[in-house]
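Step one of this worksheet: look at the structure below.
The values are calculated or read from the model by the stated rules, or taken from the named source; none is laboratory data. All values reported here derive from a predicted model rather than from experimental measurement. Because the Cβ atoms are built from the backbone with ideal geometry, glycine has one as well, and the counts that use them run over all protein chains shown. Side chains included, ligands, DNA and RNA excluded: accessible areas come from the protein's heavy atoms. Shrake-Rupley method; radii C 1.70, N 1.55, O 1.52, S 1.80 Å.
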Amino acid sequence: MWARGATVPLCACDRPVEQNRLQDGLTTSPPENLGGHQESRRGSSENRRGSSENRRGSGEGRKGSSEDRDSLSAIPASVRSNRVPWVTLMRALGRFKLSLPDIRRDYMLASRDPLAVDKELGPRVKYHKVVRRFWGNHQPLAKIPYKILSEHDNIVSSCHFCVDDTRLLSSSYDCSVKLWDSEDGTVMWDFQPRPKAPVLECSITADNRRIVASSYDKTVRAWDVETGQILWKVRHDTFVVCCKFSPDGKYVLSALDVDRGICLMDPENITTVIQIKDHHKRSITACCFDPDSQKVASVSMDRCIKIWDVTAHATLFTIPKAHTNTISDCCFTFSGHFLCTSSWDKNIKIWNIHTGEFRNRGACVTLMKGHEGCVSSCCISRDSSLLISGGFDNTVAIWDVGDGYRKLSLKGHDDWVTDVAVSNNKKWILSASKDNSLRLWNIEEIDQIPLVTERKRSMGCKVQQ
């Protein structure tokens, strides 16, 4: 038998029972080991006494450290070390506490050294998209003010003025059709539900009450301008490359890609009036109504122009090989006597459709050397004095129709200009681009610009009759 209070070795290593139990994770002891606990408590009281003595010694050490500081103060500053004691530094830093979000924010906003290639950089900060709406001068000599509208997330396919030039209408490859306030450049309507594919073209009625848009999802949709509600949706069997409201609002004209045809629809009853297939030999690129809503002009990749009669449902005129390359766009003058066409051959032609020149002599006027690249779109002002064109050279050209020369070239877009429009008062030009933006140009004082005056005097009229 072992004496009470003695330690009992259990194995060759002679570890105490309490140490074994603590190492084995046991927190309770059997009753026979109570004496060992009393001895351990006595030992702990002795340890506490020793710790009090150590604290007394530390107090004496602190007194000695104060004496050392007094002795250090006698040493000149130039001799003393510049290092700050670690404990003092930690105590000082402990007073400046940052919350976890603040630490993360400081880390995210920390400046990065671009030359530190081998250093690990933190995660990049995602910035919100900044909408640029500002006025500026794109050329020192031209001094044409403009505004950038960049609410679209993809190519802007078409643009129009509406509601007495106080609103702007645009469609985009981001599957949206938007109505803008032309004064402050804000979006008033983003028409819902959106099509499920890129929107190629949009159009608005003369009374500014309804909007129609064609999309790559083979649908044509109409919305109410005032409420923003969708009115109807018509699905075709093929892609609808363009759509137009007739000036009197009685018809919706659509151009079908694979069928190379046109479709005339009644928007009130949502019924098809007539659908013509194989109207052109290749895909149709654009179509438009004349001001009387009696004729339809269509142009195609087959370089051909066709004039179709709405009442007779028959083709009136056909001009084969009107251009030497794909005809990209067409538009009538407000009088309806002339048709303007733009082409990838870098030329613009104005056709007289009420005289023999249209059938026999061909083009009435050819405007050349306005763009360095293909001409993508064209638009004529209400009084037929100005012609606006957009090109794949990222520029917008302003033409004097009477004298047949280019007055000014507006530069600023970063990619192709896809569509152009001119306001009724001829004070504004709207351009859509592949750079996902719209530009609103102020041309109210264009004739007072020295560049325009000099060009008119020096270049004169370069027209081929």
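If you go through segment 367-378 one residue at a time, how many are closer than 18 Å to Thr418 by Cα and either touching a residue at least 60 places away in the same chain (Cβ under 8 Å) or under 25 Å from the mean Cα position of the chain (by Cα) (or both)?
Residues flagged as closer than 18 Å to Thr418 by Cα and either touching a residue at least 60 places away in the same chain (Cβ under 8 Å) or under 25 Å from the mean Cα position of the chain (by Cα) (or both) within segment 367-378 amount to 6.
Among (1) at pLDDT 90 or above; (2) within 30 Å of Gly249 (Cβ to Cβ); (3) open to solvent by 70 Å² or more (accessible area, probe 1.4 Å), there is one condition Asp184 misses while meeting the rest; what is its number?
All conditions pass for Asp184, except number (1).
Any idea how many residues of segment 188-246 are under 16 Å from Gly261 (Cα atoms), open to solvent by 20 Å² or more (accessible area, probe 1.4 Å) and hydrophobic (A, V, I, L, M, F, W, C)?
Residues meeting the conditions: 2.
Pairs needed: first member in segment 168-188, of a type in the set (Val, Ile, Thr); second member anywhere, open to solvent by 10 Å² or more (accessible area, probe 1.4 Å) and assigned to a strand (DSSP E or B); C-beta distance under 9 Å; at least 6 residues apart or different chains.
Partner pairs satisfying both residue conditions: Val177/Trp189; Val177/Asp190; Val177/Arg221; Val187/Lys178; Val187/Asp181.
Filter segment 388-413 for residues that are open to solvent by 20 Å² or more (accessible area, probe 1.4 Å) and closer than 21 Å to Lys143 by Cβ and give the result.
Asn394, Asp400, Arg406, Lys411, Gly412
Given the options Arg382, Arg439, name the one that is basic (Lys, Arg), surrounded by 20 or more Cβ atoms within 10 Å (Cβ to Cβ) and modelled with pLDDT of 90 or more.
The conditions single out Arg439.
What is the residue count in segment 315-339 for residues that are out of contact with any Ser or Thr (no Cβ under 7 Å at 6 or more places or on another chain) and open to solvent by less than 40 Å² (accessible area, probe 1.4 Å)?
6
Would you confirm, using the coordinates I've provided, whether Val452 is at pLDDT below 85, over 22 Å from Asp153 (Cβ atoms), touching a helix residue (DSSP H, G or I) at 6+ places or on another chain (Cβ under 8 Å) and not hydroxyl-bearing (Ser, Thr, Tyr)?
Taking the combined requirement at face value, the residue satisfies it.
Taking Leu408 as the residue in question, decide whether it is in contact (Cβ under 8 Å) with a residue 40 or more places away in the chain, touching a Gly at 6+ places or on another chain (Cβ under 9 Å) and under 19 Å from Gly391 (Cα atoms).
Answer is no for this residue.
Taking only segment 247-264 into account, find how many residues are open to solvent by 10 Å² or more (accessible area, probe 1.4 Å) and part of a strand (DSSP E or B).
Total satisfying the criteria: 0.
Inside segment 340-351, can you point out the residues that are open to solvent by less than 10 Å² (accessible area, probe 1.4 Å) and assigned to a loop (DSSP other than H, G, I, E, B)?
Within segment 340-351, none qualify.
Just for segment 266-314: of the residues that are in contact with a Gly (Cβ under 9 Å, 6 or more places away or on another chain) and in a strand (DSSP E or B), which one is surrounded by the fewest Cβ atoms within 10 Å (Cβ to Cβ)?
Looking at residues that are in contact with a Gly (Cβ under 9 Å, 6 or more places away or on another chain) and in a strand (DSSP E or B), I get Gln275.
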